[in-house]
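Have a look at the structure below before the remarks.
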Amino acid sequence: MIELRNVNKVFNAGRPNEFTAVRDVSVSIAFGRVTVLKGPSGSGKTTLLGLVGGMARPTSGRIFLEGREITSLPERFLTATRRKTYGFIFQHFNLVQGITALENVLLPAYPTGEPHRGIRERGMRLLSDFNLEGKALSKAEWLSGGEAQRVAIARALINDPAVVIADEPTAHLDLRLSMEFMDAMGRLLAGGKTIVMASHDPVVYESRIVSEVVEMRDGAVVDQARRP
Amino acid sequence: MGPWLERQRRILEFTLSSLWRRRGKNGALLLVYTGIVFLLSSVMLFTQALKREAGAVLIGGPEIVVQRTVAGRHDLVPDGYAGPIRRIRGVQSVVPRLWGYYYDDGENANYTVLVPPDQPRPEGSVAIGDAISRSRGANPGDTLPFRTHKGEPLALKVDRVLTDESRLASADLLHVSEADFRTLFGVPPGLATDLAVSVRNPRELTTIARKIAEAFPDTRPILRDEVLRTYDAVFSWRAGILLSLLAAALMSFIILGWDKASGLSAEERREIGILKAIGWETSDVLLMKFWEGAAVSLTAFLGGVLLAWGHVFLGGSALFLPVLKGWSVLYPGFHLAPSVGASQLTTLFFLAVVPYTVATIVPSWRAATVDPDAVMR
């Protein structure tokens, strides 16, 4: 379980452009389920997602991962925890241009010091799971939007994380590709992964695989609905 | 292979592929960088080789050379000075030397003419340096014409071509007999160019030199160490002139290198953000940037030094021969003996590799310490 207690995130604190992105949020995210942070643009869902995933530290409040507080971990340990526990899928996919799809998939595994053969085999298997084995050696910039996103999903899974975090994953996809994405998430859920997504797309938050929707507005949680 | 080594390998691989991705920009930088290292190390290698040559010339020479001066100018010294100097305690030997310069207007070259004190030569013969042999096309058995101080012709038969450990010394050398020397230059019997004094104990050098100057106030004893220091100063001064000429190029490179290394493009910044976001630590990013700086500067260093080595020792230092050598003679086909000093290479290494690598890491450190969620915003 990931638990947030009275979490606040303030940007540019003390300056004229001070901005509170997340205010006094307390939520619990259960493992083995799909949780969606829902809300309009600027509601604070991406910032909250970053806090859940240990990408940023809250200005105040505490975050627990399986009962262990991660808020005050030194950067090295926080990064190691993040690398082992979370896989990230970004809104703009954020693939590194100029290198191949396979290299992009392998990137998060480089600092682990795992033997190359092992991570390469895993990367190829992931690409093949997403029907991309033929694109393994294509440069990132040659991929279509759908392909780029599947490469991004494969990259998120290379270190076999327990939790997959996706920020507005369908924002740049048409309906068919959005449905395909949700199917992929369904397969990950079936494989035992926990999925946390930020989205204001009904294809995402109305999907049958979603078991919890946290609705946000102006940085605060306004509703938390659990589905059976 | 351990995880530590694997991590280094993977990150180095990614660094090299990153450099290759921006090959236009990095290639241009590498080219300029290599050029600068090439120029700097050419000057260093050339100066060092010249100093070494000069040292080799002097190492077998006498510890003290006694010159006579008249009105502050070098003048011929009477052989009779040798006896009293030899009697000074600590002096091993005193040898009057005959040497001078002969201007060959046919070749527009100055030769050094010497009477070898330890190997008396037969009258009418000459041993010549290999540069003269080449330029005059003279070989043993040929006769070379000279003109005496009175304008009369003097024909000397070549019996040997001199080769020496130091070609700088032997290239323009003529060995003649004492009689031919006196005929050629009109040096009267009983007078020598200078006196070569050998000393038993090197620690007594300055005392003996002082005693010589006291016994013969019209002489000037010159210590070998002083000559070495003068050579050193002259070559260092010449190297300094060349370096100051290169200063503008150096400065512009430093600005370019600093700008390239210290400024991160928006693309690089974004990439660092992505790497951080997908689980790279700050130290991983810094390791990558370290390898990037090290790869560029090490390649430039090795390439530049190798090119300079070829330029100085194989190509005859064609680029700055006139400035650095500045001898009275331009030697035809003159080549320096290769010699590379570890300390100078180390200095160059630290000047070329370390600042660039540091300049690459510092700005990345700033970029790499931002929260990884910056890439999501």
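Each reported figure results from applying straightforward, stated rules to the coordinates on display, with no laboratory input. In this text, all values refer to a predicted model and were calculated from it rather than measured experimentally. Positions of Cβ are generated from backbone atoms using ideal geometry, with glycine treated the same way; all protein chains shown enter the neighbour counts.
Each 5 Å bin from zero up to the one holding the largest Cα-Cα distance in the stretch B:64-211 carries the following percent of pairs: 2, 9, 17, 19, 17, 14, 11, 6, 4, 1. Sparse packing (at most 13 other Cβ atoms within 10 Å of the Cβ) combined with a DSSP loop state is found for the following trypsin sites (Lys or Arg not before Pro) in the stretch B:145-230: B:LYS150, B:ARG200. Counting, for every residue in A:104-114, the Cβ atoms of other protein chains within 10 Å of its Cβ and taking the mean gives 6.
How much FRET efficiency would the formula 1/(1 + (r/R0)^6) give for A:GLU133 and A:ASP24, where r is the Cβ-Cβ distance and R0 is 51 Å, rounded to 0.05? Don't skip to the answer; put the middle values down first.
On the way: r = 47 Å, r/R0 = 0.92.
Efficiency for this residue pair is about 0.60.
Our estimate of slack between B:VAL70 and B:LEU298, defined as 0.36 nm per intervening residue step minus the Cα-Cα distance, is 76.4 nm.
Measuring r between the beta carbons of A:VAL10 and B:ILE241 and using R0 = 56 Å, the FRET efficiency lands at 0.35. In chain B, the longest principal axis of the Cα atoms and the axis of helix B:205-215 are about 40 degrees apart. Peptide B:264-273 shows a mean partner chain C-beta count of 1 within 10 Å per residue C-beta.
Averaging 1/r over every pair of different alpha carbons in the protein assembly as shown and inverting the result gives a Kirkwood radius of 30.9 Å. About its Cα centre, the dipole of the stretch A:10-96 is roughly 180 debye, where the only charges are +1 on Lys and Arg Cβ and -1 on Asp and Glu Cβ.
Within chain B, the ratio Rg/Rh, alpha carbon atoms throughout and Rh by Kirkwood, equals 1.19.
Which peptide among B:268-281, B:346-359 comes first, and what is the full order, when sorted by highest mean count of other Cβ atoms within 10 Å?
On the way: B:268-281: 22.7, B:346-359: 16.6.
Result, highest mean first: B:268-281, B:346-359.
Between B:ARG22 and B:ALA138, the C-beta separation translates, for a Förster distance of 60 Å, into a calculated FRET efficiency of about 0.50. Could you list the residues of the stretch B:261-290 with an amide nitrogen less than 14 Å from a label point located 7 Å from the Cα of B:VAL32 in the Cα-to-C-beta direction? Those under the cut-off are B:261-263.
Average partner chain C-beta neighbours within 10 Å, per residue of A:70-82? Write down the numbers at each step before the final one.
Working: counts 0, 0, 0, 0, 0, 6, 3, 1, 2, 8, 2, 1, 6.
The mean count of partner-chain Cβ atoms within 10 Å per residue comes to 2.
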